1. Could you check how many percent of all C-alpha pairs in the chain are farther apart than 32 Å?
2. Cut-off 12 Å, label point 7 angstrom out along Cα-to-Cβ of residue 202: give me the residues of the stretch 154-187 whose amide nitrogen falls inside.
3. Only bridges whose two residues both fall in the chain count here: according to DSSP, what percent of them are antiparallel, nearest 5?
4. Can you give the FRET efficiency for residue 260 and residue 395, using 1/(1 + (r/R0)^6), R0 = 45 Å, r = Cβ-Cβ distance, to the nearest 0.05?
5. Starting from the Cα-Cα distance between residue 175 and residue 614, subtract it from 0.36 nm times their residue separation and give me the gain in nm to one decimal.
6. Cα centroids of the stretch 169-185 and the stretch 537-596: how far apart, whole angstrom?
7. On a full-extension model of 0.36 nm per residue, what is the gain between residue 46 and residue 159, subtracting their alpha-carbon distance, rounded to one decimal in nm?
8. Taking every pair of alpha-carbon atoms in the stretch 279-435, what share in percent sits in each 10 Å bin, from 0 to the bin with the longest distance?
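Read-outs throughout are calculated quantities, based only on the coordinates presented, and are distinct from any laboratory measurement. These figures come from a predicted structure and were not determined experimentally. Heads up, the Cβs are rebuilt from the backbone with ideal geometry, glycines too, and the neighbour counts pull from every protein chain shown.
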């Protein structure tokens, strides 16, 4: 019985132990060599290339199938290339391509291989390998380098037409800091082209800047062959087609120089002292502006002639129709009519200025065209320009408001790019900083992405920087830092005191409320004279309060001169004048006042008198002419307050 009980106890014990859970053994973490690769990266970043090479090699020997193997080979290639071991660099890149064909780094390796072939002088091999690259898989930066390598390779092989083509492509992708170097390469290649091939290249080139360089080289070739008449004609065409080109200023200077040197002196007609010519687009696409300018000139003429102490002024008006040929014909007709000077035009100002300069005829242009007064000493310009506006704005916000950090949000087109660059340069000149710049599609109606990029909300926080959740060993539940039931949303980084938005009022009216939506508040809104519109206030409402702009005219000014002009204009035309009417009025009155001085006996003397104008109290602000005949103006500063524009008192 006792023996039987012992057996039963043993059986029960065995059963209990058989039902018990086996002891849990924690899984052994897989060694992927991450720490070794991180160490290699640290050595690489510090410039310790030999030690980094050994670390990468050790990683590849022990972990050839792990995640960072392709990156380790790529780094080896970069180190070999940087230290001048081109054959070893090629071997590394070829190994990466062969052993890891599906890696995202394969494309980069092909680019590295092309770079290595170029470095060792195997230009044709580099070109051949480049032809096998799928460009669609390259990043923008890689595409830029790809085009540069092809351009340089073709240049070394003296295939200059292809070199020009690839340099043109790279110029389109280059950053502002890189463009100058590419331009040097492009111009050097163009200078070595066979002169006979240049006209055909101009016709077949799609890139405007390259087309401009080719055209300028053609002009220089004409000058070398002493075909000066053809060169002058091409220069006239150049300054009209490429006003913003890097060679535009040189082209203007050359044209003036050639015309003085080779053109026969034109016999000047007689001088009708009190007769003024006026050229405006009174028909065609710019008719509305021409008609408005003419009203301003009419007000000036009537006011001047109504004073019995003044001589009677006659104005001969010509309709240019915004057509360059009609504009040139108008200059000729007014010159033959012996006018003392010309006011206008608004469009086709460059050919008109050249024609007037040739005839020694003072011309007061109404244009924003850059370098218009460089054409000659008879060419004047009194008009509001982008440079004037940004200079006025920046001076006020830095000197009067003490702002030091600004942002720029601009449309990616000519108007936006022009104002962005001018504003940025002016900010630097005043010792302040531009801390953020973003562009947007001018056709877009949603500006969330560029706004979020401006304040650091666009890009997601990398996983390795996010807070790590805390959990219990058995994983039944997890705790978040600070017991916060929801992850805190990132906040915008508004590290600027003002934001400049050079766009039309309708677009600005859409953007400004979106700034507030993303918590961009308590910053100054800065715009161009286009913002001087009730449409801005209507669309942006309370969010536009405090916005600041510079403009050339303010009809509600407290100035007695402005009030008098505004009343005259409203009585004559039943509406309130705007900038075009006001600037045309000022140009006419300055000219009339100069003409009435008794010592004025020729166009040359009238030109000299205009150049003496300093601090003229015009209704578009105090105006002077510099030595080139370009206006220096004190613009109006306006601010939105209580749903209307008011003039800012700048103090001293």
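1. The proportion of pairs with Cα distances above 32 Å equals 66 percent.
2. none
3. Antiparallel: roughly 35 percent of the beta bridges in the chain.
4. Efficiency at R0 = 45 Å is approximately 0.75.
5. Details: separation 439, 0.36 × 439 = 158.04 nm, distance 4.11 nm.
Using 0.36 nm per residue and subtracting the Cα-Cα distance, I get 153.9 nm.
6. Rounded to whole Å, the Cα centres lie 43 Å apart.
7. In short, 36.6 nm is gained.
8. The percentages, shortest bin first, are 10, 30, 27, 20, 12, 2.
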